[in-house]
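Asks: This is the structure I have questions about; it appears just below.
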Amino acid sequence: MHGLINRAIQAFVTDTYGADRWKSVMDLAGLGFVEFEAMLMYPDDQSFKVLAAMETVLDRPLAEMLEDMGTFLVSNPQAEALRRLLRFGGVDYVEFLYSLDDLPDRARLAVADLHLPTLELIEQAPGQFELICAQGLPGYSNVMMGILRAMADDYGDLVILDHAGIRDDADIISITHVESQFAEGRSFSLGAHSL
C-alpha cells in the first residue's frame, strides 16, 4: 500500500488520539518501526496489521474510525492539499459529486504511483445519488463517507449519507442532497496563496 495512505492513517491516529496511542498501535502491529514514509510502498499485510491493531488499541469499530479519518483528511489544516484537490472538482457540492469519477486519475496526476479504486456516481433522481466505490482498499467506502460528509460541510450544503450495501463487489453510498447553502461553508479560492 502506498506510504501516503499509511501516513494519513498515522496522522489521523496521532492527531486524534495522541502519539502514545499511535506507538501502542504500531507495537501491537509488530512491524518493527513507528513511522511510515510518505513516498514508499509497503506490503498490504503491514497496513492490514496496523488497521487491526487500531481497532484493538483504540477500542472502536474500524469502520467508524475510517469514516472519521475521511473527515479528518478534509478538515485538518495539515491536509489542505487534499481539500484543494477535492474543491477543484466543482464550484458547488453537486458538481463536486460529479467530479468524483475522475478523482483516482487526479490523484495519480499528483502522485503517479498512487492507485485509488474507481468511483462511479449515478444520479437516481434529482438530488438522489449513488456512489459506487470499487474494491481495492480496505475501508475505502468508509473513508469516502467521511470525505463526502466533510465536503458537504465545506460547501455549506445539507446532505444525508448512508451505506446502501454491496452490489457487484462494490460498496454503495447513498447520497441525498437536501439543500444547497444550508450553512456558511468554508472559504475557498482557486488562486494560489501568496506569502
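Asks: Need one number: nm distance between label points at Ala112 and Asp15, each 7 Å from Cα along Cα→Cβ, rounded to one decimal.
Replies: The two pseudo-label positions are separated by 2.9 nm.
Asks: Round to a whole number: what % of the accessible area of region 1-104 belongs to carbon and sulfur, probe 1.4 Å?
Replies: Values: 2760 of 4890 Å².
After summing per-atom areas, the C and S share lands at 56 percent.
Asks: I would also like to ask the following. Over what distance in Å are the Cα centres of region 40-56 and region 57-91 separated?
Replies: Taking the Cα centre of region 57-91 as reference, the centre of region 40-56 is 18 Å away.
Asks: Need one number: nm distance between label points at Asp92 and Asp44, each 7 Å from Cα along Cα→Cβ, rounded to one decimal.
Replies: Between Asp92 and Asp44, the simple spin-label model gives 4.0 nm.
Asks: Where the eigenvalues come from the Cα gyration tensor of region 3-60, what are the semi-axes √(5λ) of the equivalent ellipsoid, largest first, in whole Å? Each step should come with its number before you reach the end.
Replies: Numbers: eigenvalues 54, 32, 18 Å².
Working from the Cα gyration tensor, I get semi-axes of 16, 13, 10 Å.
Asks: For the chain, with every protein chain kept in place, what is the accessible area per residue (1.4 Å probe, Å²)?
Replies: It amounts to 51 Å² per residue over the chain.
Asks: Need one word for region 82-179: rounded, prolate or oblate. Basis is the Cα gyration tensor (sqrt eigenvalues a ≥ b ≥ c); a/c below 1.5 gives rounded, then a/b vs b/c decides.
Replies: In terms of gyration-tensor shape, oblate.
Asks: In vacuum, with every alpha carbon of the chain counted as one equal point scatterer, what does the Debye formula give for log10 I(q)/I(0) at q = 0.10, 0.11 Å⁻¹? Two decimals, please.
Replies: Taking Cα atoms of the chain as identical point scatterers yields -0.42, -0.51.
Asks: OK, next. What value, in deg cm²/dmol to 500, does the helix sum -39500 (n - 2.57) over DSSP H runs of n ≥ 4 give at 222 nm once divided by the residues of the chain?
Replies: -15000 deg cm²/dmol
Asks: At a 1.4 Å probe radius, which order do Val74, Val178, Val57 fall into by accessible area, largest first?
Replies: Val178, Val57, Val74
The values are calculated or read from the model by the stated rules, or taken from the named source; none is laboratory data. Being a predicted model, the structure only gives us computed values, none of them experimental. Reconstructed Cβ throughout: ideal geometry from the backbone, glycine too, with neighbour counts over all protein chains shown. Remember, those area values only see protein heavy atoms, side chains included, never the ligands or the DNA or RNA. Shrake-Rupley method; radii C 1.70, N 1.55, O 1.52, S 1.80 Å.
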